[in-house]
Amino acid sequence: SLASAAITCFTRGLDLRKETEDVLCPANCPLWQFYVFGDGVYASLSSVCGAAIHSGVITNAGGAVRVQTLPGQENYPAVNANGIQSQVLTRWASSFSVTRTKNAALEAVGRSVSTARPSTGKRPKKPLDKKAGNKDCKADIAFLIDGSYNIGQRRFNLQKNFVGKVAVMLGIGTEGPHVGVVQASEHPKIEFYLKNFTAAKEVLFAIKELGFRGGNSNTGKALKHTAQKFFSLENGARKGIPKIIVVFLDGWPSDDIEEAGIVAREFGVNVFIVSVAKPTTEELGMAVCRNNGFFSYQMPTWFGTTKYVKPLVQKLCSHEQMLCSKTCYNSVNIGFLIDGSSSVGDSNFRLVLEFISNVAKAFEISDIGSKIAAVQFTYDQRTEFSFTDYTTKEKVLLAIRNIRYMSGGTATGDAISFTTRNVFGPMKDGPNKNFLVVLTDGQSYDDVRGPAAAAQKAGITVFSVGVAWAPLDDLKDMASEPRESHTFFTREFTGLEQMVPDIIRGICKDFLDSRQ
């Protein structure tokens, strides 16, 4: 069919709606702006056109591509191919592959469409609008520079030169990135705020004027201070624009930078560590953005750093990657409502617990991350654990393993009301998005429609998972809209395992849709 959608350079796999979709990539996409994870099989976070060029399906002249959705996987590799360096990703909930479209007519249409629409890559640069800056890189950035005795006066000056080059290359301007500088030493000092300068020349001058303070390298303290104080609206932070702190480290900090990284995340700030020589982010135990090497950057020395400027700027400008602050993996509460009725039986109950563990495992569980709760029901309900009981993945998985089978009747409606009130009630003003996964193997003795509607009204997205004798009407009545994608059914308990990636993908899709 010719019904192939024209997409942009930055459309990601997860932006497409169908299992198999034919799309048209435009010509002349800027290669260095592509974010691609994997090789052959790409994490759905990847740019579709980037993946297509990376895998050799099309060239940068654009063209037609067929995208096939695949299940998620672990350890997407980094491979350099066709001018694109793909990146490592530890895990993602869904993937895709790209192949050539068989249709020659479509190819011809593809060519004319993609050349007719000038793509972002080759926009004629308007020389006049220098004041506006680089509009493709909207970010509010604090450079947290090292002003401690660790670095010393001489390397401090080299660091200033480097920061100056980065600032110029970013394309600072009224509509582009805004930057400020904080110096870390014994006590943090905010040297200038985002609102002070909107032209690269002024910023360069301000950086040159910075004096070296000396003292212990209390980078953690400075990072916390910057996350809390620097990005206020009165200091020039803009609403809805990514906030980034670029931390420069020369040698070991004297205090705890890990905890400061967590505070920064709570404030929705992305932390980027640039370490020179040693230590690496791993050695610091930084969990700034676990599962994503994106937020650390290594340079061997402060000498000859010009070649490190551009890659750093590219990373800072690719906001698609700035997922650290909020992703579906670290920003959801998932409650599991488990049918403990006598028809389930002991061995099947174990399979249900395994299913729950496998879903929970995919999320980053912590006191500031995602949270898990479980309630078992018969005619009666029992809270196995609430959202605030366990704040590590290990403890949650252990608690799931230790759930004891109750055995009894089935009152699903009552159980939903109980869970909405007692388990989700205390969380309702929290930052995370709420999900309820209801697992049942039979007909409920009471009405499920009313309680499920009340749960949804309270802001809880409901997925229903039915096994064996669970009636489809009940399952659909409980599920959130669109019901098709929130209702799951399997004849056998052994079929639960295959549903795990679909549930995770469903949660992430709802999370992303809610952020649009």
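Each reported figure results from applying straightforward, stated rules to the coordinates on display, with no laboratory input. Predicted model, so just to flag it, every value in this text is computed and none were measured. Methodologically, a virtual Cβ is constructed for each residue, glycine included, from the backbone with ideal geometry; neighbour enumeration extends over all protein chains shown.
Coupling constants for region 459-467 follow from the phi torsions by the Karplus curve (6.51 cos²θ - 1.76 cosθ + 1.60, θ = phi - 60°), and in residue order they are x, 9, 8, 10, 10, 10, 10, x, 10 Hz; glycine and proline get x. Sort region 218-277 into rounded, prolate or oblate with this rule: let a ≥ b ≥ c be the square roots of the eigenvalues of the Cα gyration tensor; rounded if a/c is under 1.5, and if a/c is not under 1.5, prolate when a/b is larger than b/c, oblate otherwise. The shape class here is prolate.
Close amide H partners of GLY63, meaning residues 5 or more places away or on another chain with modelled amide H under 5 Å apart, are CYS25.
In the chain, taking the dipole from charged Cβ atoms about the Cα centre, the farthest positive-side position among VAL98, THR59, SER342 is held by THR59. In region 332-514, one over the average inverse separation of all distinct C-alpha pairs is 15.9 Å, which is the Kirkwood hydrodynamic radius.
Relative to the longest principal axis of the Cα atoms of the chain, helix 257-266 runs at roughly 70 degrees.
Hey, which of these cross-link pairs are over 24 Å Cα-Cα: LYS361/LYS509; LYS201/LYS243; LYS130/LYS229? Cα-Cα > 24 Å for LYS130/LYS229; rest within. Which FRET efficiency value, to the nearest 0.05, is calculated for GLN298 and HIS187 with the Förster distance at 35 angstrom and r the Cβ-Cβ distance? The calculated FRET efficiency here is 0.80. Let's see if you can work this out: charge +1 on each Lys and Arg Cβ, -1 on each Asp and Glu Cβ, no other charges. What is the dipole magnitude of the chain about its Cα centre, in debye to the nearest 20? It comes to approximately 2560 debye.
Helix 496-515 axis versus longest C-alpha principal axis of the chain: approximately 50°, rounded to the nearest ten. With only Cα atoms counted, region 5-100 has Rg and Dmax values of 11.6, 32 Å. Computed 3J(HN,Hα) for region 391-406, one whole-Hz value per residue from the Karplus formula 6.51 cos²θ - 1.76 cosθ + 1.60 where θ = phi - 60°, is 10, 10, 4, 4, 5, 5, 5, 5, 5, 5, 4, 8, 5, 9, 5, 7, glycine and proline marked x. Multiplying the residue separation of GLN153 and GLU175 by 0.36 nm and removing their Cα-Cα distance gives an extension gain of 4.5 nm.
Distant-in-sequence amide contacts of PHE385, defined by a placed amide H-H separation under 5 Å and a gap of 5 or more residues or a different chain, comprise ALA374.
Between 0 and 90 degrees, the angle of helix 306-317 with respect to the longest Cα principal axis of the chain falls at about 40 degrees.
What the Cα atoms of the chain give is an Rg and a Dmax of 25.7, 77 Å. At full extension, ASP380 and THR20 could sit 125.2 nm farther apart than now, given 0.36 nm per residue minus the alpha carbon distance.
Summarising the amide proton neighbourhood of ALA6: residues at separation of 5 or more, or on other chains, whose placed amide H is nearer than 5 Å comprise LEU24.
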